[in-house]
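K.L.:
One structure, pasted below without further comment.
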Amino acid sequence: MENGFSKMINEQAIDWEAIRCFVAVARRGSLSEAADELGMSIPTISRRIDGLETQLALKLLQRGPRGARLTEAGHAILQVAEPGARQLSQIARRARALQEGPNLPAVRISATESVIADVLAPRLDRLRAQDPSISIDLEVSNDIANLNAGRTDVAIRMVRPAEETLIARRLPVIRLGLFASPDYLKGKDLERLVLSDEHLVWLDRQYGEIAENIWLKAQGLEASIRFSSSSVRALLNAAVAGVGIAPLPAFAARKAGLMEVQHRAMPERQPWLVFHRDTKTNPRLQLVRDWIVTCFKEEIVEP
């Protein structure tokens with residue numbers, strides 16, 4: 001039998017804008033990051049969540065100077081709130097798409113070759129499932145100028161841009177390692193492997209002083225390069241073919257069946273999700289950016 005309190009909650013209209021705020025804070029772990037995502041002020045989000053907690057008579061979040069974390073009740077509510085918030089967003093996006101018509105330009109995403117090929121392209125079907133009207137143009141590029149000129153909508157860069165017109169959000173770190181095929185390493189003692197005696201497959205000099213090339217020079221291994229290319233995909237394929245040892249993103253190398261050569265730690269790559277400040281509240285681009293973050297969490301984060 002329903003008690004009076006349960007009946008009171010059921011009869012109240014849930015504030016779905018507050019639900020959206022709660023889901024954003026739960027996902028980001030921070031009121032400030034949620035405020036950036038939703039285009040709201042921190043006090044507004046805080047008031048919305050206070051109202052939701054009062055409405056539900058539950059403490060959903062523990063908020064402090066180091067961020068916000070879910071309570072036990074918050075975890076339970078999030079499980080049902082997140083799908084609901086996503087569905088509501090889809091209704092709004094679908095209505096806007098119908099209003100604007102089918103001729104919207106494609107959203108252009110610019111990123112490195114491995115991010116385009118291994119992280120984003122395999123998950124395009126999920127983005128289309130959320131918004132079938134959306135078109136995507138994946139561009140292999142490292143040029144931040146395209147973003148400032150309006151030729152690119154969203155970019156993923158390995159260096160945080162300094163321009164005040166751009167917003168940069170941190171993505172999961174890409175771990176690099178030295179990888180080779182089982183055939184290349186067959187019969188070798190991995191514990192005593194001397195890299196200067198091996199064949200290295202490396203990025204060519206057009207990339208300049210990137211972390212991998214600085215590391216190579218510091219180790220005194222430039223003379224060991226047997227094959228170089230401007231294409232990370234080419235390095236991966238060469239390693240798979242047994243040409244030598246290559247510096248590769250761990251997520252891509254393991255998927256290709258390569259073995260990691262344990263040596264001195266290689267530098268990590270910190271990717272940034274970069275977009276123009278003027279597009280922060282564009283719903284279609286918000287959807288794409290959220291999809292990119294999900295792609296990175298699924299592909300890059302190692303268990």
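K.L.:
Would a scan of segment 216-233 turn up a residue that is closer than 30 Å to VAL154 by Cβ, small (Gly, Ala, Ser) and in contact with a Gly (Cβ under 8 Å, 6 or more places away or on another chain)?
P.N.:
no
K.L.:
Continuing with this model, one more query. Report, by residue number, each residue of segment 253-270 that is of a type outside the set (D, E, K, R) and buried (at least 17 other Cβ atoms within 10 Å of the Cβ).
P.N.:
ALA253, LEU258, MET259, VAL261, MET266
K.L.:
Oh, and also: Being of a type in the set (Gly, Ala, Ser), touching a Lys or Arg at 6+ places or on another chain (Cβ under 7 Å) and crowded, with 16+ Cβ neighbours inside 10 Å narrows it down to one residue among ALA180, ALA250; which is it?
P.N.:
After ruling out the rest, the residue left standing is ALA250.
K.L.:
Here's another thing I want to ask about it. Does segment 274-292 include one or more residues that are of a type in the set (Asp, Glu) and in contact with a helix residue (DSSP H, G or I) (Cβ under 7 Å, 6 or more places away or on another chain)?
P.N.:
No, segment 274-292 contains no residue that is of a type in the set (Asp, Glu) and in contact with a helix residue (DSSP H, G or I) (Cβ under 7 Å, 6 or more places away or on another chain).
K.L.:
Looking only at segment 63-92, count every residue that is at pLDDT 85 or above, surrounded by 14 or more Cβ atoms within 10 Å (Cβ to Cβ) and in a helix (DSSP H, G or I) and tell me the total.
P.N.:
Matching residues across segment 63-92 total 5.
K.L.:
Out of curiosity, is LEU216 touching a Leu at 6+ places or on another chain (Cβ under 6 Å) and farther than 16 Å from ALA180 by Cα?
P.N.:
Here the answer is no, as LEU216 does not meet what is asked.
The values are calculated or read from the model by the stated rules, or taken from the named source; none is laboratory data. Fair warning: this is a prediction, and the values are worked out from it, not measured in the lab. So basically every Cβ, Gly included, is an ideal-geometry build from the backbone, and we count neighbours across all protein chains shown.
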